[in-house]
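Input: a single structure, listed below in structure tokens.
The values are calculated or read from the model by the stated rules, or taken from the named source; none is laboratory data. What you see is a predicted model, and the numbers here were worked out from it, not measured in a lab. Neighbour counts run over all protein chains shown; Cβ positions are idealised from the backbone, glycine included.
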């Protein structure tokens, strides 16, 4: 009886370790295609003002598709694609086998804070959501903004072609 319990406990431990090792290795480096949709809760325009034609794509809410090249180092640090903005950084990153969460902190012309969550059911798909609240512009003329961006990412292959890898942000 004691041998059965020991064998069963050992088998259960090996199964758990195997699942964790498998889950950690499912995300793939290479070319990813990301489709994002942004919904604005507070547009950076005065009430009643129409969105200028030159800004319609950024503020119109239509899906936008782009490609990014992720290295294994990026995947090890963040798990999935994140928004790209040199004046923003992910902090308080919590990375699990199939998901991550982080705070999104921006300084500069757009300043504020948000939250990011991302999940991946397998090595070739990820979905994410970011909610941001802050201001655009500086000083007394700063305009409040708030938006939510949802994304779907699909792995396209190991070869990134002409798409340069996303650089890892410096550790602070």
Exercise. Consider residue 166 carefully, then state whether it is within 27 Å of residue 26 (Cα to Cα), touching a helix residue (DSSP H, G or I) at 6+ places or on another chain (Cβ under 9 Å), without any contact (Cβ under 8 Å) to a residue 40 or more places away in the chain and surrounded by 14 or more Cβ atoms within 10 Å (Cβ to Cβ).
Key: no
Exercise. Can you confirm whether the range 76-88 contains a residue that is crowded, with 17+ Cβ neighbours inside 10 Å, assigned to a strand (DSSP E or B) and in contact with a strand residue (DSSP E or B) (Cβ under 6 Å, 6 or more places away or on another chain)?
Key: yes
Quiz item: Hey, does the range 113-129 have a residue that's free of Cβ contacts under 8 Å to residues at least 40 places away in the same chain and over 20 Å from residue 35 (Cβ atoms)?
Solution: yes
Exercise. Identify all residues within the range 125-163 that are modelled with pLDDT of 95 or more, touching a strand residue (DSSP E or B) at 6+ places or on another chain (Cβ under 9 Å) and not in a strand (DSSP E or B); write none if there are none.
Key: 158, 159, 160, 161, 163
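Just a yes or no: is a residue in the range 98-107 assigned to a loop (DSSP other than H, G, I, E, B) and without any contact (Cβ under 8 Å) to a residue 24 or more places away in the chain? Lay out the reasoning, then the answer.
Restricting attention to the range 98-107, the residues satisfying the condition of being assigned to a loop (DSSP other than H, G, I, E, B) are 98, 107.
Now drop any that are not without any contact (Cβ under 8 Å) to a residue 24 or more places away in the chain, which leaves 107.
Yes: the range 98-107 contains one or more residues that are assigned to a loop (DSSP other than H, G, I, E, B) and without any contact (Cβ under 8 Å) to a residue 24 or more places away in the chain.
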